[in-house]
Amino acid sequence: MTNMCGIVGVIGNPKTTDILLKGLEKLEYRGYDSAGIYVNDEQGNDFLIKRKGKISELEAAVTPDVQGLMGIGHTRWATHGVPSDQNAHPQVSNDGRFYLVHNGVIENYQALKDDYLNDVDFVSDTDTEVVVQLVAKFAREGLSGHDAFQKALRLLQGSFAFILADRQEADRLYVAKNKSPLLIGAGKGFNVVCSDALAMIDETNQFVEIHDGEMVTLTADQIKIETIAAGTPVERAPYTVEMDPDAASKGTYPYYMLKEIDEEPAVMRRILSNYQTDDQSHEFKIDTEILDAMQQADKLYIVAAGTSYHAGLVGATLFEKLTDTPAEAYLASEFGYHMPLLTKHPFFIFLTQSGETADSRQVLVKINQMHLPTLTITNVPNSTLSREADYTLLLYAGPEIAVASTKAYTAQIAVQAVLAKELGEAKHVQAAQAFDLQQQLSLVAAGQQQLVDEKDHFKELAHDYLADQPSAFYIGRGLDYDVSLEAALKLKEVSYILAEGFAAGELKHGTIALIQDNTPVIAFLTDPTTVGLTRGNIKEVQARGAHTMTIVSQALATADDQIILPDVDDLLTPLLSIIPAQLFAYYASLEKGLDVDKPRNLAKSVTVE
């Protein structure tokens, strides 16, 4: 099985090889362990090159003669079958006719193998090879490439994004999608395919959606969409993707993660400019349809995964404080299969950076079947969760390439704050009416800038506290506990330090047994209600030998605190307190000589459950 992969394809362009390799480079952020391309010049010459490891190793194996007018490429992240040249994509049929790249998981691959392919010798451990061998079998029985592919698709159970190349029809590509992201890009005299518009934005900004259960026949000058089940033709116009290709460049930064942390103040200002009614106004614009629907809710259900879930924890507090509406954040991977008892009038908010998160989508599909109202808050317009929800709000964070999310987390909190403020205003909630969010977000942006400008200080602290430590703890209460969870996730995902976030008051209920000499314990102190209690918890771990650090709002600071945060409203302190933690993770990873942007075993866009 494969998952979280990157897919690219080109038909009709003499620069196919360069476009494929460049596109794969732009998809490196997704995480991968092998890569490959297949190129055909439509004159009987073709090339298949696959390599375990980095794209640079694939590029080194591509000789100048590897040129063509048609090609497909892939970065693979393995979940079944070890990383190897054999398991890398494209996968090839035994007769050498068909070449297939795939993102997703074919759930019934073993049954298909047993029922149809007993006489086939397999060279890989992938479910993808089962599909390409199945297509070849049906073609040998007399079906055209198109019909053989369609017949195979109708037998599949699971998720997939496919590009199929047929050596006997080198002037076309076949494309199909179910639950995994895939787009067609319309060029001038050629067409492209990609799992993320970022991969092909240098070639075109005109993209055509492929919906689940659809198949596409792609030539240099034609995009023919049809349903897989019935072969019914589908007409769909392209849309324009507004993305600055330079925004996805590292520029002078050594890593995307550092660049994206530095961009957080600008993202706050961008959210202000996109959601304010005008530059002078302290009012924000949210579609009245969204506000009307949310006013009918007796509870807000925030569904997300990973970092987005942590942003949802903060958002739940914002909604409750500013709208007088109960709100709760849920893990998408749990919610879909262990759904709690719903209230009579629920409203669902899906938080996702990519808009393609499979765990969240499986919940959205079920909620749509229940005909309940849904809103997606995402960084990617026209993404799957955006299209399939009733409403969408955008993060305006710009491309986030590093696997460890930073600016999307703070953008999610800020956009939830805007939504909570406007919903509270619509409901005439006094706390919302008194909350000057425009001023507060301006203060947040200035405060974030102040913090990112203190990098040298955070670098020294990361060295002193984390460089040689196998584990660490973040603690806090209330919103500080929510931030502790995200801070710990950042540290462990990029530095591999075993980090945990804990509610400070829970330490003495068992976890304090893990504290020994020099164990790093980093405490967030931004809540005036519980600051005294948390300082007591710090004393408790110090007595057991912990190496403690405090990250404190200026109004609550003492002479002994290490990191002082500029003061903002208590509800927005996570937008500042997370910045030092993000930089600690970055510098701890550097200390260990790791690849900050591409941690092992992780991928940016988790597109299967």
Please determine whether any residue of the stretch 227-250 is modelled with pLDDT under 95, hydroxyl-bearing (Ser, Thr, Tyr) and within 16 Å of Ile184 (Cβ to Cβ). yes
Answer yes if at least one residue in the stretch 405-417 is part of a loop (DSSP other than H, G, I, E, B) and under 12 Å from Gln353 (Cα atoms), and no otherwise. yes
If you check every pair at least six apart or on different chains, which have Cβ atoms under 9 Å apart with a residue in the stretch 201-212 that is more than 21 Å from Leu385 (Cβ to Cβ) and not assigned by TED's automatic domain parsing to the domain that holds Ala176 first and a residue that is assigned to a strand (DSSP E or B) and among the basic types (Lys, Arg) second? none
Single residue of the stretch 560-578 satisfying the filter (of a type in the set (Asp, Glu) and farther than 22 Å from Ile271 by Cα) that is nearest to the chain's Cα centre (by Cα): Asp561
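So which residues in the stretch 218-236 are among the hydroxyl-bearing types (Ser, Thr, Tyr) and within 19 Å of Leu156 (Cα to Cα)?
Let us first name the residues in the stretch 218-236 that are among the hydroxyl-bearing types (Ser, Thr, Tyr), namely 219, 227, 232.
Across the stretch 218-236, the qualifying residues are Thr227, Thr232.
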Residue satisfying all of: in the stretch 372-403; modelled with pLDDT under 95 and charged (D, E, K, R); surrounded by the most Cβ atoms within 10 Å (Cβ to Cβ) among these: Glu400
Do you know which of the residues in the stretch 182-209 that are part of a loop (DSSP other than H, G, I, E, B) and aliphatic (A, V, I, L, M) is nearest to the chain's Cα centre (by Cα)? Leu182
What number of residues in the stretch 79-112 are of a type in the set (S, T, N, Q), crowded, with 19+ Cβ neighbours inside 10 Å and closer than 19 Å to Ala148 by Cβ? 2
Unmet requirement for Thr406, which otherwise passes all of (1) at pLDDT below 95; (2) in contact with a Lys or Arg (Cβ under 8 Å, 6 or more places away or on another chain); (3) β-branched (Val, Ile, Thr): (1)
Pair list, Cβ < 8 Å and 6+ apart or interchain, from the stretch 332-343 residues that are within 18 Å of Leu385 (Cα to Cα) to residues that are among the hydrophobic types (A, V, I, L, M, F, W, C) and part of a loop (DSSP other than H, G, I, E, B): Ala332/Ala305; Ser333/Ala305
Those residues that are out of contact with any helix residue (DSSP H, G or I) (no Cβ under 9 Å at 6 or more places or on another chain) and not β-branched (Val, Ile, Thr), I need them from the stretch 367-415; list them, please. Gln369, Met370, His371, Leu372, Pro381, Ser383, Ser386, Arg387
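Would you mind stating whether Ala397 is more than 19 Å from Tyr586 (Cα to Cα) and within 16 Å of the chain's Cα centre (by Cα)?
Values: more than 19 Å from Tyr586 (Cα to Cα): yes; within 16 Å of the chain's Cα centre (by Cα): yes.
It is true that Ala397 is more than 19 Å from Tyr586 (Cα to Cα) and within 16 Å of the chain's Cα centre (by Cα).
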Selection status of Gln430, out of contact with any Leu (no Cβ under 7 Å at 6 or more places or on another chain) and at pLDDT below 95: no
How many of the residues making up the stretch 425-461 are out of contact with any strand residue (DSSP E or B) (no Cβ under 9 Å at 6 or more places or on another chain) and buried (at least 24 other Cβ atoms within 10 Å of the Cβ)? 3
Show me the strands (runs of 3 or more DSSP E) entirely contained within the stretch 496-605 in which 3 or more residues are in contact with a Leu (Cβ under 7 Å, 6 or more places away or on another chain) and not assigned by TED's automatic domain parsing to the domain that holds Glu264. 547-553
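The values are calculated or read from the model by the stated rules, or taken from the named source; none is laboratory data. Computed from a prediction, not measured in an experiment: that's the story for all the values here. Note that we place each Cβ from the backbone using ideal geometry, even for glycine, and neighbour counts take in every protein chain shown.
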